[in-house]
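A short write-up of the structure that comes next.
The values are calculated or read from the model by the stated rules, or taken from the named source; none is laboratory data. Nothing here was measured: the structure is a model prediction, and the numbers come from that model. Reconstructed Cβ throughout: ideal geometry from the backbone, glycine too, with neighbour counts over all protein chains shown. Remember, those area values only see protein heavy atoms, side chains included, never the ligands or the DNA or RNA. Shrake-Rupley method; radii C 1.70, N 1.55, O 1.52, S 1.80 Å.
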Amino acid sequence: MRDLVKVFDGFVAVGGVSLDAPRGSIGAIIGPNGAGKTTLFNLITGHLRPDRGHVKLNGRDVTGIAPHDLCRLGVGRSFQRTNIFPRLTVFENVQAAFLSHRGRGWNLVAPVERLYRAETEALLESIGLADRAGEIAGFLSHGGQKQLELGLALALEPEILLLDEPTAGMSATETREAIRLIERIARERGLTLLFTEHDMEVVFSISERITVLHQGRVIANGPPDEVRRDEAVRRVYLGERH
Ligand SMILES: Nc1ncnc2c1ncn2[C@@H]1O[C@H](COP(=O)(O)OP(=O)(O)OP(=O)(O)O)[C@@H](O)[C@H]1O
Ligand SMILES: [Mg+2]
């Protein structure tokens, strides 16, 4: 990302953010409420068009490309508010994601419910939802729904995955489990991961790089130890909580 700017009615939500997400790295974007984290994600994933600046993916300018096209280019995401199909079963949710991503292929005669069965089962296994496959997604616990949402993002086979507060609303135990799961999956698949998170323990435990946003600007960016010691960060952010 280079010099990304987003202004809402004169209010600068993102004020010139430049950032690299090296392939295979795990990076956190942190900052107080309203710092611009979600807006920045929306600029990267094409849900918002920047007023200035650009986004490059593997050297290709993808600024302003529609979300579904970016998704096809390997940019996956989850949302701060959970985004699943609540009336479908857990299995059907993931299967629908595979279908939407890969289509029916040559299998024009096979009944839809048989398509991507093996892939769906394997993915449910890897996100720890195999034994809930038949349950209606809307009835899963909040943590379970977030887990499923991760599955939906993974079914789209992203290269880079943006997770906006993947543990929002989870208990401390659920949070720790979810983060371990996310870290394992990111490592196994060699994903580039960018996530936002309010739980500092989580952030400092799994991130290779931490970017601190404050009022739409990057005030620090570097390895956890460096960011933890940063004076500006302590003043505007960490100090406010600890
Ligand atoms: N569509 C919009 N129209 C107007 N203002 C907006 C819009 N989206 C975001 N904002 C404003 O931009 C600022 C940044 O919001 P954003 O949601 O990106 O923050 P955030 O860092 O994700 O916060 P949180 O930690 O609460 O999720 C906020 O002041 C917000 O009110
Ligand atoms: Mg947000």
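Computed quantities for the displayed model
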item: Test: residue in the stretch 131-139 that is touching a Pro at 6+ places or on another chain (Cβ under 7 Å) and not aliphatic (A, V, I, L, M); result: yes
item: Flag if T167 is in a loop (DSSP other than H, G, I, E, B), β-branched (V, I, T) and in contact (Cβ under 8 Å) with a residue 12 or more places away in the chain; result: yes
item: Subset of the stretch 61-70 that is open to solvent by 30 Å² or more (accessible area, probe 1.4 Å) and touching a residue at least 12 places away in the same chain (Cβ under 8 Å) - its residue that is nearest to ligand 2 (Cβ to nearest atom); result: P67
item: Tally of residues being within 27 Å of N58 (Cβ to Cβ) and either outside any strand (DSSP E or B) or charged (D, E, K, R) (or both) across the stretch 180-197; result: 12
item: Pick from the stretch 133-158, criterion in a helix (DSSP H, G or I) and of a type in the set (D, E, K, R), ranking: farthest from G190 (Cα to Cα); result: K146
item: Qualifying residue in the stretch 16-26 (condition: at positive phi, under 16 Å from the mean Cα position of the chain (by Cα) and more than 16 Å from ligand 2 (Cβ to nearest atom)); result: yes
item: Residue match in the stretch 41-49 (condition: open to solvent by 40 Å² or more (accessible area, probe 1.4 Å) and away from ligand 2 (no atom under 16 Å from the Cβ)); result: yes
item: R114, sole failed condition from (1) open to solvent by less than 60 Å² (accessible area, probe 1.4 Å); (2) out of contact with any strand residue (DSSP E or B) (no Cβ under 9 Å at 6 or more places or on another chain); result: (1)
item: Hits in the stretch 148-204 - residues which are hydroxyl-bearing (S, T, Y) and buried (at least 22 other Cβ atoms within 10 Å of the Cβ); result: T167, T196
